[in-house]
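Student: Got a structure here, written out as structure tokens. Questions coming.
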Amino acid sequence: MKEFAGKKVVVVGLARTGVATARFLLERGASVLITDQKPANQLESGVRQLRDLPAQITQRLTTELGGHRSASFLHSDLVVLSPGVPMDLEPVKAAVEAGIEVISEVELAFRFLKGKIIGITGTNGKTTTTELIGHIFRTLGYKTLVAGNIGLEGHVPFPDAVYLMVHEGLRRREDRQLLQQVRQDGLGADERVLGSQSSRDRLYASDRVRIGSGD
């Protein structure tokens, strides 16, 4: 099924998960542009992985490395941000203002997963908390996948599992959300993680959110 047939998608960030995201979209019919601030000589692993993709899908793949072009964002139907890409990046802000949908890689995955999802975010302790909860679920006998920033790129062996996500975009579909304590010394990063004050207010008000301490 070609869910993205005819769609133009910009993937922001080539390192680590960008290639897996691009492949996922290409296999579903999208035309994909991958853009990264770094030049190609600083992204050798990602560039090499792109070259190894099947020829039948790379015909719809282009790259813009060494900087972002607002025009590319504005001519897209969807923008997918890799972990760590800030929402206040100028081309991203331009896309949002133009009414173009901007989502995280994790949110893209949400739309295709059928299992239960637990989203974990905050200032400190995200990875440790995710690994701990993953261990607990596995010990209880659940099929469990730990994903997001800390692994599981691309292939998903069983879609009906419990998924634990370390991620920067709490949006729509988590069955449970755990917000680690937001610390004063991490407010710059937390603005990227949680967005505006109103977004944080909605998280604290949600009955699906559990607040944990990052200490």
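Computed from the coordinates by the stated procedures, all read-outs in this text should not be read as laboratory data. Treat the numbers as computed from the prediction; the structure is a model and nothing was measured. Ideal geometry is used to build each Cβ from the backbone, glycine not excepted, and the neighbour counts take in all protein chains shown.
Student: Tally Lys/Arg at +1 and Asp/Glu at -1 over every other residue whose Cβ is under 15 Å from the Cβ of K8; what's the total?
Tutor: That sum, taken over residues with Cβ under 15 Å, equals +1.
Student: Report the Rg/Rh value for segment 78-131, based on alpha-carbon coordinates and the Kirkwood definition of Rh.
Tutor: 1.04
Student: Over segment 5-70, what is the relative contact order in whole percent, taking alpha-carbon pairs under 8 Å and six or more residues apart? Write down the numbers at each step before the final one.
Tutor: On the way: 100 pairs, mean separation 24.9, N = 66.
Computed value for segment 5-70: 38 percent relative contact order.
Student: Could you sort out which of K38/K114; K8/K93; K114/K143; K7/K93; K38/K93 sit more than 24 Å apart by Cα distance in this structure?
Tutor: From the list (K38/K114; K8/K93; K114/K143; K7/K93; K38/K93), the Cα-Cα distance tops 24 Å for K38/K114.
Student: Determine the relative contact order of segment 1-129: mean sequence separation of Cα pairs under 8 Å and six or more apart, normalised by residue count, in whole percent.
Tutor: 24 percent
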